[in-house]
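Novice: First, the structure itself, so that you have it in front of you.
Derivation of every value follows stated rules applied to the coordinates shown; laboratory data play no part. In this text, all values refer to a predicted model and were calculated from it rather than measured experimentally. With ideal geometry, Cβ positions are generated from the backbone for all residues, glycine too; neighbour counts draw on all protein chains shown.
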Amino acid sequence: MIIELFQPILDENKHQVIHFLNGLETSLKFEYKVVYNKPLIIIYSKDIGLEVVNLLKDRFPEIKKITVFPKDYKLVSNTWKQEKTSFLVDDIEIGGDLITTIAGPCSIESEEQIFSTAKFLASIGVKFIRGGAYKPRTSPYSFQGLKEEGLKLIRQAADQYHLKVVTEVMDTTLIDEVSKYADILQVGSRNMQNFFFLSELGKTRKPIMLKRGMYSKIEEWLLAAEYLLSGGNEKIILCERGIRTFDDIVRNTMDITAIPLIKSISHLPIFSDPSHGTGNRDLVAPVYLASIAAGADGLLVEVHPNPIEALSDGKQSLNLEQFENLTLKANQIAKVMDRQMDTEKYLSIIHS
């Protein structure tokens with residue numbers, strides 16, 4: 001159950017509601033969470049029924065709405081919030097009418113690499129550049145990223161070409177540092193169920209892209225997002241990036257079904273990452289286009305000036321020409337779906 005109070009809200013109003021519930025019959029196992037800086041109280045006891053709901057409505061005129069929802073994920077559900085979530089990153093809308101493109105290398109490797117990528121992306125109308133500075137690698141001997149020096153480079157490149165930065169934050173000790181340089185904080189697959197980390201991230205005001213865990217069910221993914229929203233952060237993007245299955249012919253099995261499914265049960269924007277979803281550059285383009293057809297609100301793709309020499313994930317990275325050709329096709333698919341890519345205006349001028 002979600003109790004929403006009218007704004008402006010005072011802490012004492014929340015405490016009065018909680019005190020009233022605590023004073024009810026002793027058999028009531030009452031558990032709750034007060035959402036930081038929001039007029040919300042989440043009741044997650046299973047035995048609060050309609051009688052208690054009516055008591056609350058009668059007793060407290062400051063209650064705006066009570067939503068009873070049996071699932072453990074509540075704030076992410078469209079039972080709670082019917083209108084689609086959208087928000088601005090400065091002046092750029094996420095989750096709105098335009099399909100958002102986020103592109104860039106897996107890892108920030110050098111000044112030349114990230115600046116040449118940023119220049120290219122800006123030339124075709126992409127607004128967001130991605131790149132990892134702290135890289136979680138399976139092997140401790142693989143390239144681990146340039147760390148803060150990498151963050152400085154991608155920020156400088158983004159500022160020069162008027163782009164926004166999307167990069168991964170690895171743990172709580174890095175939240176402040178990464179937040180200085182990033183416009184969107186990315187939570188990687190391995191951290192999706194790091195619940196203490198998610199709780200701390202939920203206290204930030206930066207937008208967060210939450211990637212699906214490689215072994216995670218849809219409900220587990222939504223519950224991870226619930227940690228972020230219950231911390232007070234409403235600027236959340238879900239990102240499908242493929243899951244591990246019995247089939248090892250590809251790096252991951254891309255769950256395209258997750259895109260329309262998420263849109264049917266949640267108000268959060270859903271993005272697709274066909275690079276990690278397939279691990280194979282030859283498969284990136286068809287899955288990219290299929291994601292648009294399935295209803296994705298945005299695409300995250302790995303692009304590198306020279307994928308053969310990439311220090312990480314070169315096999316799933318597109319070169320600049322391949323990506324430009326893909327965005328042209330993406331514009332066509334978006335039109336068929338009565339939508340528009342954020343790159344369409346720029347590419348129509350270049351190729352007219």
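Novice: Going by average Cβ density within 10 Å per residue, which order do the peptides 51-57, 161-167, 124-130 take, highest to lowest? Could the numbers behind the result be given before it?
Specialist: Details: 51-57: 14.7, 161-167: 21.3, 124-130: 24.0.
By packing density, highest mean first, the sequence is 124-130, 161-167, 51-57.
Novice: Then there's this: Only Lys, Arg, Asp and Glu count, each charged at its Cβ (+1, +1, -1, -1), so figure out the dipole size of the chain about its Cα centre, rounded to 20 debye.
Specialist: My answer is approximately 360 debye.
Novice: Right, something else. Grab every C-alpha pair in region 211-352, bin the distances at 5 angstrom width from 0 up to the longest one, and report whole percents.
Specialist: Each 5 Å bin holds this share of Cα pairs: 2, 10, 18, 20, 19, 15, 11, 5, 1, 0.
Novice: Rounding to the nearest 20 debye, state how big the charge dipole of region 2-67 is about its Cα centre with +1 on each Lys and Arg Cβ and -1 on each Asp and Glu Cβ.
Specialist: 200 debye
Novice: Out of Pro305, Ile63, Ala158, whose Cα points farthest toward the positive end of the dipole of the chain (charges: +1 Lys, Arg; -1 Asp, Glu; placed on Cβ)?
Specialist: Comparing the listed Cα positions along the dipole, Ile63 ranks first.
Novice: Treating only the Cβ atoms of Lys and Arg (+1) and Asp and Glu (-1) as charged, compute the dipole magnitude of region 216-352 about its Cα centre; round to the nearest 20 debye. Before the final figure, lay out each step's value.
Specialist: Details: 12 positive and 19 negative charges, 44 e Å.
Here the size comes out at about 200 debye.
Novice: Right, next: Would you mind checking the tilt of helix 111-123 against the longest principal axis of the Cα atoms of the chain, expressed as 0 to 90 degrees and rounded to 10?
Specialist: 80 degrees
Novice: In Å and on Cα atoms, what radius of gyration and Dmax does region 2-67 show?
Specialist: Rg, Dmax (Cα atoms, Å): 11.0, 33.
Novice: Further question on the same structure: Taking the alpha-carbon distance from Lys335 and a cut-off under 20 Å, which aspartates and glutamates remain once sequence neighbours fewer than 8 residues away in the same chain are dropped?
Specialist: Those aspartates and glutamates meeting the cut-off are Glu93, Asp97, Asp297, Glu324, Glu344.
Novice: Now for a different question. Compute the signed sum of charges (Lys and Arg +1, Asp and Glu -1) over the other residues within less than 14 Å, Cβ to Cβ, of Asn319.
Specialist: It works out to a net charge of -4.
Novice: A follow-up question, please. How high is the FRET efficiency from Asn78 to Thr173, r the C-beta distance, R0 30 Å, rounded to 0.05?
Specialist: Values: r = 35 Å, r/R0 = 1.16.
Efficiency at R0 = 30 Å is approximately 0.30.
Novice: Which links in Lys64/Lys263; Lys33/Lys235; Lys14/Lys74 stretch past 21 Å when you go from one Cα to the other?
Specialist: Correct reply: Lys64/Lys263.
Novice: Expressed as an acute angle from 0 to 90° and rounded to the nearest 10, what is the orientation of the C-alpha long axis of helix 11-22 relative to the principal long axis of the chain?
Specialist: 60 degrees
Novice: Note down, for region 1-151, the three equivalent ellipsoid semi-axes (square root of 5 times each alpha carbon gyration tensor eigenvalue), biggest first, whole angstrom.
Specialist: Ellipsoid semi-axes (Å, largest first): 47, 20, 14.
Novice: Which angle between 0 and 90 degrees, to the nearest 10, do you get for helix 50-59 versus the longest principal axis of the chain when only C-alpha atoms count?
Specialist: Computed tilt is about 80 degrees.
Novice: May I ask you to derive the FRET efficiency for Leu24 and Ser199 from their Cβ-Cβ distance with R0 = 25 Å, giving the value to the nearest 0.05?
Specialist: Calculated value: 0.30.
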